[in-house]
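Undergrad: One structure coming up, written as structure tokens, with questions to follow.
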Amino acid sequence: SFGYYERGVEVNVFVCKENKSIRVVDNCRGMPKEVLQRVVLNVGESKKRGVAFLNGQYGFGMQAFRTCCESLTVQTKTSEFDDAMEITLGRWQMEGFAVEKVPKETSPIKTTGTAIHLQNFDEQWMDETFSASQIAKEIELHFERLLARPGLTVNVTEEATDG
């Protein structure tokens, strides 16, 4: 039994100091195109508003990347038989966002899930806290309730170059 989840959920966080990037990859259900566009592009529409114990209730969502790095790419796949969908946002980009298809053969997501890639962090973030151990501590502090769920595994590792 996987407790809260229908199947075991694995979240992998890869920290690459050399390339100033962080990748987060899960094996969840992925997102349909409409949901991908909404969660990446819309601000202030959190469905968690007013639920004090949940992270993400303010609706800044993925737009928060603009405060610390140059780009955000979100790739998602809802079926192992379909191509993945991907959207990339640049820090200063305000329009022209497009969801692109990524052939399933070249996607890092083999079954279903979502991969988020934050690239080119600003120098002010590139200190001793930009490490797998420090990011793991932050995850433990901010997601304590989620981490207690049976069936959830979170791995945080360093990588020499983006995988």
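Undergrad: Using modelled amide H (1.01 Å from N, peptide plane; none on Pro or chain starts), what sits under 5 Å from the amide H of residue 159, excluding residues fewer than 5 places away?
TA: Close amide H contacts, sequence-distant or interchain: 15, 16, 17.
Undergrad: Starting from the stretch 85-146, pick out the chymotrypsin sites (Phe, Trp or Tyr not before Pro) whose DSSP state is loop and whose Cβ has at most 13 other Cβ atoms within 10 Å.
TA: 92, 97
Undergrad: At what distance in nm do the modelled label points of residue 33 and residue 98 sit from each other, each positioned 7 Å from its Cα along Cα→Cβ?
TA: 1.3
Undergrad: How do the peptides 15-22, 4-11 rank, highest first, by the average count of neighbouring beta carbon atoms within 10 Å per residue?
TA: 15-22, 4-11
Undergrad: For every helix of n ≥ 4 consecutive DSSP H residues, a contribution of -39,500 (n - 2.57) applies; sum these over the chain, divide by its total residues, and give [θ] at 222 nm rounded to the nearest 500 deg cm²/dmol.
TA: -4000 deg cm²/dmol
Undergrad: How many nm separate the modelled label positions at residue 142 and residue 91, each set 7 Å beyond the Cα in the direction of the Cβ?
TA: 1.8
Undergrad: Can I ask one more? Defining a contact as two alpha carbons under 8 Å apart and six or more residues distant in sequence, what relative contact order in percent does the chain show?
TA: 36
Undergrad: Provide the per-residue ³J(HN,Hα) series for the stretch 125-132, in order, calculated from phi with Karplus coefficients 6.51, -1.76, 1.60 and θ = phi - 60°, each as a whole number of Hz, with x at glycine and proline positions.
TA: After applying 6.51 cos²θ - 1.76 cosθ + 1.60, I find 8, 8, 10, 5, 7, 8, 8, 4 Hz.
Undergrad: Another question about this same structure. Separation between the residue 81 and residue 126 pseudo-spin-labels, each 7 Å from Cα along Cα→Cβ, expressed in nm?
TA: 4.6
Undergrad: Skipping prolines and chain starts, which residues have an amide H placed within reach, meaning under 5 Å, of the one on residue 11, given they are 5 or more residues away or on another chain?
TA: 153, 154, 155
Undergrad: Taking the highest mean first, how do the peptides 112-119, 133-140, 99-106 order by number of other beta carbon atoms within 10 angstrom per residue?
TA: The packing order, highest mean first, is 112-119, 133-140, 99-106.
Undergrad: To continue, here is another question. Do you know the Lys pair count in the chain for C-alpha distances under 16 Å, with sequence separation 8 or more or different chains?
TA: Lysine pair count for the chain: 7.
Undergrad: What ³J(HN,Hα) values, in whole Hz, does the Karplus curve 6.51 cos²θ - 1.76 cosθ + 1.60 give for the stretch 8-17 when θ = phi - 60°, with x put for Gly and Pro?
TA: x, 10, 10, 10, 10, 10, 10, 10, 10, 5
Undergrad: If you don't mind, another one. Starting from the Kirkwood radius over alpha-carbon pairs of the chain, derive D by Stokes-Einstein at 37 °C in a medium of 0.692 mPa s and give it in µm² s⁻¹.
TA: 195
Bear in mind that the values in this text are calculations on the coordinates, not laboratory data. Note that this is a predicted model, so its numbers are computed, not measured. Note that each Cβ is placed from the backbone with ideal geometry, even for glycine, and that neighbours are counted across all protein chains shown.
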